[in-house]
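Have a look at the structure below before the remarks.
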Amino acid sequence: MRTNNYNGALQKPIGSGFNATSTTNDVIAGVNLTGKTAIITGGYAGIGLETTKTFVQAGATVIVPARDIEKARKNLAGIANVTVEAMDLTDFNSINTFAEAFLVNSRPLDLLINNAGIMWVPLRRDARGYESQLSTNHLGHFQLTAKLWPALKKANGARVINVSSYGHQIAPFNFEDPNFEQQEYQTLVGYGQSKSANNLFAVELDARGSKFGIRAYSLHPGSVNHTDLGREAPMELFQQMGTHDAEGNIFPEVEKNLKQLTQGAATTVWCATSPLLNDLGGVYCEDADIAELDLGNIEHLMSEPSSLRGVRPYSVDEINAKKLWVLSEQMVGITFNTD
């Protein structure tokens with residue numbers, strides 16, 4: 001039996017019993033997280049907030065590292081067993097400070113949900129000169145996972161979940177110019193390569209971590225209504241995709257097919273808790289099941305969200321996964337030793 005997902009070897013639906021309409025309540029049914037500790041980046045808005053609520057309801061203790069502390073505390077007010085800590089995924093020192101504070105107590109980390117992300121932003125660079133979507137969506141999470149590795153090993157069965165997107169189909173990872181220093185910046189291309197990076201990171205992380213019982217997954221939450229991702233997007237982008245009319249209104253037939261937040265967070269929760277995945281890892285999931293490889297056989301229509309499915313081979317490729325790991329270490333300035 002294959003123990004890794006190099007080149008999409010395990011990318012086959014397993015008949016989970018769930019689908020695009022399944023909610024977090026559906027997939028968490030019968031799961032007890034009492035005594036478990038979870039860290040959820042961006043766990044205070046959108047599907048991250050739904051993930052936090054679901055884990056707490058199942059008995060987990062949740063820590064939410066947040067760039068916007070005030071917003072996080074406001075959104076999480078009244079939810080028990082949640083702690084908000086300061087962290088900025090584009091700030092190397094901020095990530096180290098957060099991780100070191102967690103490690104002080106030598107407690108295990110059962111679930112690391114790399115959920116926070118940005119999209120549709122103008123060209124911005126972090127203090128190191130890295131493009132902001134790559135910095136936030138991948139590099140920050142790579143560093144955070146590396147720093148928390150000792151705690152993940154202590155859990156004896158930890159899972160790391162990278163919230164990716166169908167957007168990985170927009171672009172493979174550009175190893176020659178990941179920070180748009182030579183090419184003209186295109187925001188969706190930047191987003192696409194950061195999501196391809198999420199997938200590749202999960203593939204390699206699982207291959208390296210499975211010997212310690214650490215399994216990793218990436219996922220597409222679906223096309224979800226009422227998230228913060230589109231807050232900076234110009235209306236022209238939505239109109240080009242065919243989802244909005246000339247006046248900026250979403251087409252009713254598109255809106256009715258969008259997932260609600262409880263449905264959008266369902267695949268994250270499924271990846272984090274399903275016993276069906278105990279012996280499977282490194283896979284890209286969607287609709288609370290493992291996705292199929294997209295070999296050009298799936299017709300995608302932006303106006304039909306249910307057609308936005310499948311995982312591209314370049315984002316589960318073994319050579320790309322290993323290459324990205326080395327490049328990420330170099331860009332972040334750390335050695336991610338998984339021994």
Pairs only if they're at least six apart or on different chains, beta carbon under 8 angstrom, first in the range 311-329 and under 13 Å from residue 283 (Cα atoms), second among the basic types (Lys, Arg); list them, first residue then second. 315/195
Could you say which residue among 132, 165, 94 is touching a His at 6+ places or on another chain (Cβ under 8 Å) and of a type outside the set (A, V, I, L, M)? 165
Here is a list: 330, 263. Which entry is touching a strand residue (DSSP E or B) at 6+ places or on another chain (Cβ under 8 Å), assigned to a helix (DSSP H, G or I) and either at pLDDT 95 or above or of a type in the set (D, E, K, R) (or both)? 263
In the range 264-282, how many residues are of a type in the set (Val, Ile, Thr) and in contact with a Gly (Cβ under 9 Å, 6 or more places away or on another chain)? 2
Does the range 74-94 hold any residues that are surrounded by 15 or more Cβ atoms within 10 Å (Cβ to Cβ) and either among the charged types (D, E, K, R) or not in a loop (DSSP other than H, G, I, E, B) (or both), and which are they? 75, 76, 82, 84, 85, 86, 88, 91, 92, 94
Only one of 287, 294 that is on the phi > 0 side of the Ramachandran plot, touching a helix residue (DSSP H, G or I) at 6+ places or on another chain (Cβ under 8 Å), of a type in the set (D, E, K, R) and modelled with pLDDT of 95 or more: 287
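Could you check the range 33-57 and list, in sequence order, the residues that are outside any helix (DSSP H, G or I) and within 21 Å of the chain's Cα centre (by Cα)? Steps first, answer last, please.
From the range 33-57, those outside any helix (DSSP H, G or I) are 33-45; that's our starting set.
If the condition is that a residue be outside any helix (DSSP H, G or I) and within 21 Å of the chain's Cα centre (by Cα), then 33, 36, 37, 38, 39, 40, 41, 42, 43, 44, 45 are the ones that fit.
Do we have residue 123 as surrounded by 24 or more Cβ atoms within 10 Å (Cβ to Cβ), more than 23 Å from residue 107 (Cβ to Cβ) and in contact (Cβ under 8 Å) with a residue 40 or more places away in the chain here?
Numbers: surrounded by 24 or more Cβ atoms within 10 Å (Cβ to Cβ): no; more than 23 Å from residue 107 (Cβ to Cβ): yes; in contact (Cβ under 8 Å) with a residue 40 or more places away in the chain: yes.
Spelling it out, it is not the case that residue 123 is surrounded by 24 or more Cβ atoms within 10 Å (Cβ to Cβ), more than 23 Å from residue 107 (Cβ to Cβ) and in contact (Cβ under 8 Å) with a residue 40 or more places away in the chain.
Looking only at the range 147-180, filter to residues that are among the small types (Gly, Ala, Ser) and either crowded, with 20+ Cβ neighbours inside 10 Å or at pLDDT below 95 (or both); which one of those is farthest from residue 102 (Cα to Cα)? Full working, then the answer.
Quick first cut of the range 147-180, residues among the small types (Gly, Ala, Ser) only: 151, 155, 157-158, 164-165, 167, 171.
Next cut, either crowded, with 20+ Cβ neighbours inside 10 Å or at pLDDT below 95 (or both) only: 151, 158, 164-165, 167, 171.
Values: 151: 9, 158: 16, 164: 25, 165: 28, 167: 32, 171: 35 Å.
The extreme case among them is 171.
The values are calculated or read from the model by the stated rules, or taken from the named source; none is laboratory data. Keep in mind the model is a prediction, meaning the values are calculated, not measured. Because the Cβ atoms are built from the backbone with ideal geometry, glycine has one as well, and the counts that use them run over all protein chains shown.
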